[in-house]
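Below you'll find the structure, written out as structure tokens, and then a few comments.
Only the coordinates and a few stated rules stand behind these numbers; no lab work does. Just so you know, these numbers come straight off a predicted model, no measurement behind them. Every residue, glycine among them, receives a Cβ derived from its backbone with ideal geometry; neighbour counts consider all protein chains shown.
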Amino acid sequence: MEKQLIISIGREYGSAGHEIAEKVAKDLNLPLYDRHLLDKLAEEKGMNLKNIEKYDEKPRNLFLSRNVNGFSNSFADTVAEMQFKLNDPPKMVHRSTEDSKRAGIIPVFLFFMV
Amino acid sequence: MLVAQIFAVIIFVAMFTMIVLDKYEKQYVTLGCGLLTLIIVFGICMQSMSAILETLNIRSIFTLPFWYAGASAEESSSGINWSTIIFLAGMMIMVEGMAKAGFFRWLCMKLAKAVNYKPLPLFIVFMLMAAFLSMFIDSITVILFLAAVTVELAQLLKFNPIPMIISEVFCANLGGSATMCGDPPNIIIGTSLGYSFSDFVKNTGLIAVIALVLTIIYFFIVYHKQLNTTNGAAIDISSMPDPNEAITSKKDFAVSCVIFGLAVILLITHATTGLTVAFIGTFIAIITVIANHKDLKIIFSKVDYKTLLFFIGLFIVVGGLEQTGILEIIAGFIAKISGGNIKLMIAIVIWVSAIASAFIDNIPFAATMIPVIKSLAATQGVDLETIAWALSMGTDIGGSATPIGASANVVGTSVAAKSGHPISWAEYCKTAAPATILVVLISMIIIFIRYC
């Protein structure tokens, strides 16, 4: 896989994490992927945004889901994977670290804003 | 022995729990638990080198009956079932060769063209194809290609692919029950109990064909309104993908067709020729490798080694239960509940297998149940074949009821979700669970009428 610079920023409410992410992306000249990924996903797949939002950043149900050779019946897993595959490999992702890992992408830098 | 039994059960339960929780890759789980079985159960508790050797079962590979035997030759059911592993590996290599040549996509598109891309005939033809291909090829591969083509055609023809994918998955699982090599539980049952390809065709095959006709009628009644979307509007066939575009190389395509045909002939005739499934798997793998010697890297990189390792670990853990006599205790329990009533015993085996397989992986379940049914046959006078067909139908069909019951279901729902058509548990079970109950019921009735 091509070497990537990925910065994952988690945050608490009021921590200005989003603003910081925007500034870092601008300073480092990296594309920023945030919640709008879902809008793009809904548009591209012709799906209802609300249906996708329900599963965004949600853990999969351990007893009701199964993984076979990288295929999962959990829509939460699929939503996470689709977001990361929507564009070229993401460079700057303002999404949860858990989602990055689930999509098989290991962020290089992890920050959590409090 | 009691301590060994306790540890064997603890390791088995831990393995099953970890498989269900899916936190670690399944092959690490079974191999780790297999190692613990060898060390703790056989080494420390039983201090039995013979139990270790019997479970590893490596010696069997170097015997003539492993490669060439009469169809009735029974292989050891204790420990690692190398026949199953070698056969699966061979078929995986063959399937990768076929996929590389574009065989599956070509077949799907060719059939779609043959029915003029009309959703309802397409729906029936794809169900039949899913069932037929799954008789010889693993259902994951069949659904991977079929669901992908279904999604593509659904976009072009503007129909909802979900009903079609659910029906295809169901028929793939049903088709797998018809033959010895269709579904992993059948390969394990066949090689462990010495049944041939034709034994399965004559018994579970007959049940599967009857069930398939009823299944197609059932899904047609349930889904025909949803699929009848074109309202008689003409379909522009020229805008559809050309089946021949799927073929990456005409030579590879022809060769892969010949190898597939040869595999089918060898499997159908293996009772007459005396060639074992291990031999057939190895032979097919060798000719695929020779035919694709330039692309070996691509083929071998796609072989599912994880599943093969998963099997090795699984057989060791089940061997722990067998060597410590736990499975005989379970068999005794089933015999006690049924009070010696053979019909009740068969009903318990088929329904417990079906319900368990709806929620847990049917492969470990089948592997565990084989020594149990052997013990039941030996002690209760029930015909081993009859109870083996009940186990086969229960494990193969039960997995169709839920989105996690069988590997094909997971792959089908995942392909649908990635195309923007998520299938919820409720949506899946609403049609698949009644169909599963229907088919298990039909299977039980046929077994009762024919064998009891």
Check your understanding: Which loop-located trypsin sites (Lys or Arg not before Pro) does the range B:287-381 contain, where loop means any DSSP state but H, G, I, E or B and the Cβ has at most 15 other Cβ atoms within 10 Å?
Key -> none
Exercise for review: Could you grab the relative contact order for chain B? Cα pairs under 8 Å, six or more apart, rounded to a whole percent.
Suggested key: 25 percent
Check your understanding: For chain B, what is the calculated [θ] at 222 nm in deg cm²/dmol (nearest 500), taking -39500 (n - 2.57) for each run of four or more DSSP H residues and dividing by its residue count?
Key -> -23500 deg cm²/dmol
Check your understanding: By count of other Cβ within 10 Å, fewest leading, how are A:ARG11, B:ARG105 ordered?
Key -> A:ARG11, B:ARG105
**Study point:** the range B:74-128: C-alpha gyration tensor shape, a/c 1.5 cut-off, then a/b vs b/c
**Key:** oblate
Exercise for review: Please give the contour-minus-distance gain from B:LYS302 to B:GLU427: 0.36 nm per residue of separation, less the Cα-Cα distance, rounded to one decimal in nm.
Suggested key: 41.8 nm
Review point. Under the Kirkwood approximation for Rh and a Cα-based Rg, what ratio Rg/Rh is obtained for the range B:61-178?
Key: 1.11
Revision key, fill the gap. Relative to chain B, whose Cα atoms define the longest principal axis, helix B:250-268 and its Cα axis are tilted in degrees, nearest 10, by 40 degrees
Exercise for review: Find how much the distance from B:PHE62 to B:GLU385 grows on full extension, using 0.36 nm per residue of separation minus their present alpha carbon separation; answer in nm with one decimal.
Suggested key: 113.5 nm
Revision key, fill the gap. Taking Cα pairs closer than 8 Å and at least 6 residues apart, the relative contact order of the range B:1-132 in percent is 15 percent
Revision key, fill the gap. As straight-line cross-link partners of B:LYS110, the qualifying aspartates and glutamates (C-alpha separation under 19 Å, not fewer than 8 residues apart within one chain) are B:GLU152, B:GLU168, B:ASP236, B:ASP242, B:GLU245, B:ASP252
Practice item. May I ask which of A:LYS26/A:LYS58; A:LYS85/B:LYS297; A:LYS45/A:LYS85; B:LYS251/B:LYS294; B:LYS100/B:LYS251 have a Cα-Cα span longer than 19 Å here? Key: A:LYS26/A:LYS58; A:LYS85/B:LYS297
Review point. Using Cα pairs under 8 angstrom and six or more residues apart, how large is the relative contact order of the range B:1-69, in percent?
Key: 32 percent
Exercise for review: Would you mind pulling out the separation of the Cα centroids of the range B:81-160 and the range B:1-57, in Å?
Suggested key: 37 Å
Check your understanding: Which FRET efficiency value, to the nearest 0.05, do you get for B:LEU262 and B:PHE132 by plugging their Cβ-Cβ distance into 1/(1 + (r/R0)^6) with R0 = 22 Å?
Key -> 0.80
Point to revise | Rounded to whole Hz, the Karplus (6.51, -1.76, 1.60) HN-Hα couplings of the range B:390-398, x for glycine and proline | key: 5, 5, 4, 5, x, 6, 5, 7, x
**Study point:** B:VAL289/B:THR248 FRET efficiency (R0 22 Å; Cβ-Cβ; nearest 0.05)
**Key:** 0.75
Exercise for review: Taking 7 Å along the Cα-to-C-beta vector as the label spot, tell me the A:ASN69-B:LEU156 distance in nanometres, rounded to one decimal.
Suggested key: 2.4 nm
Exercise for review: Give, in nm to one decimal, the length gained when the segment between B:VAL20 and B:VAL209 is fully stretched (0.36 nm per residue of separation minus the Cα-Cα distance).
Suggested key: 64.9 nm
Revision key, fill the gap. For the protein assembly as shown (alpha-carbon point model, no solvent) the Debye-based log₁₀ I(q)/I(0) at q = 0.11 Å⁻¹ works out to -1.06
Revision key, fill the gap. Cross-link reach from B:LYS26 to lysines, straight Cα distance under 22 Å and at least 8 residues apart if same chain, gives A:LYS101, B:LYS302, B:LYS306
Exercise for review: Quick one: grab the alpha carbon gyration tensor of the range B:341-452, order the square roots of its eigenvalues as a ≥ b ≥ c, and give me rounded if a/c is under 1.5, else prolate or oblate depending on whether a/b is larger than b/c.
Suggested key: prolate
Practice item. State whether chain B is rounded, prolate or oblate according to the following rule on the C-alpha gyration tensor (a ≥ b ≥ c being the square roots of its eigenvalues): a/c under 1.5 gives rounded; otherwise a/b larger than b/c gives prolate, and the remaining case gives oblate. Key: prolate
Point to revise | Sites A:ALA16 and A:PHE112, calculated FRET efficiency, Cβ-Cβ separation with R0 22 Å, nearest 0.05 | key: 0.95
Point to revise | Calculated SAXS-style log₁₀ I(q)/I(0) at q = 0.20, 0.29, 0.30 Å⁻¹ - the range A:1-65, Debye, Cα scatterers | key: -1.03, -1.15, -1.17
